[in-house]
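Following: one structure in structure tokens, then a few remarks.
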Amino acid sequence: KVEAHNFEIRKQLLKFDDVMNDQRKVIFDQRKDIMRSDNINAMITDMRHEVIESIVYKSIPEQSYHNEWDAETLSVDIKNYLGITVPINQWVKEDGIIEKEIITRLTELSDKYMAERAVNFGVEVFRQAEKTLLLQVLDQGWKDHLLMLDQMRQSIGLRAYAQKDPLNEYKRESFELFEEMLDKLRKTITSVLCYIEIQKEVPTEKNTSN
């Protein structure tokens, strides 16, 4: 009986590990793609566009009425994540304005702003910064996620007392945590690149005296 019980525990642990390994594969494949690429700007741009949609739909839910729109929160999110200031209070008062139009305007202004930042710091330097910073944010996000999964796995067995299958609960909650990690990753890298200041190297004069 003891051996059978231990076997069941090992089997259950393997199932828990399968969930983590699936997520690890996604992250490691993403990391390999970043490492192999000399220019990840398209990836960074896609992330920023997803952030724009996320913050707009958070403050302007689909199928909502104008009086339900949260222009103040949207204005703060735009500044925090995109580094730009826009007359959002005027936009939401425009006759017939919809959330997709706001997304389009923010996307165009944000693309222009980031293109200008790249030129100011030097395009090659900025592209390298994008790659380095994304790897750092990804690695830290994954470490934090593993810690949360470990904490959840230690407490998930208590769900059995509530007549819930611990493995199914773990799968569901670990997926939600994974989605949250990716959302935080997109927002963090977008915000960091909007605000980071890159010091240009000043060439040192060579001593020509004998």
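The values are calculated or read from the model by the stated rules, or taken from the named source; none is laboratory data. Source: prediction; values computed, not measured. Cβ coordinates were reconstructed from backbone atoms using ideal geometry, including for glycine residues, and neighbour counts include every protein chain displayed. Ligands, DNA and RNA are excluded from the accessible area calculation, which covers all protein heavy atoms including side chains. Shrake-Rupley method; radii C 1.70, N 1.55, O 1.52, S 1.80 Å.
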Margin query: Step by step: find N for region 1-140, compute 2.2 N^0.38 Å, then divide the Cα radius of gyration by it. What's the final number?
Written below: 1.51
Notebook entry, point to check: Taking region 92-146, which GluC sites (Glu not before Pro) meet the DSSP loop condition and have no more than 13 other C-beta atoms within 10 Å?
Noted result: Glu94
Check: When the Debye formula is applied to the Cα atoms of region 69-117, each taken as the same point scatterer, what base-10 log of I(q)/I(0) results at q = 0.16, 0.24, 0.27 Å⁻¹?
Finding: -0.43, -0.92, -1.11
Note to self: Please compute the per residue accessible area over region 6-115 with all protein chains in place, 1.4 Å probe, rounded to a whole number of Å².
What the structure shows: 62
Check: Efficiency by 1/(1 + (r/R0)^6): what FRET value for Glu197 and Thr73, r their Cβ-Cβ distance, R0 = 30 Å, to the nearest 0.05?
Finding: 0.65
Next item on the list: Evaluate the Debye formula for region 81-195 with equal point scatterers sitting on the alpha carbons, no solvent, and hand back log10 of I(q)/I(0) at q = 0.10, 0.15 Å⁻¹, in q order, two decimals.
Entry: -0.52, -0.83
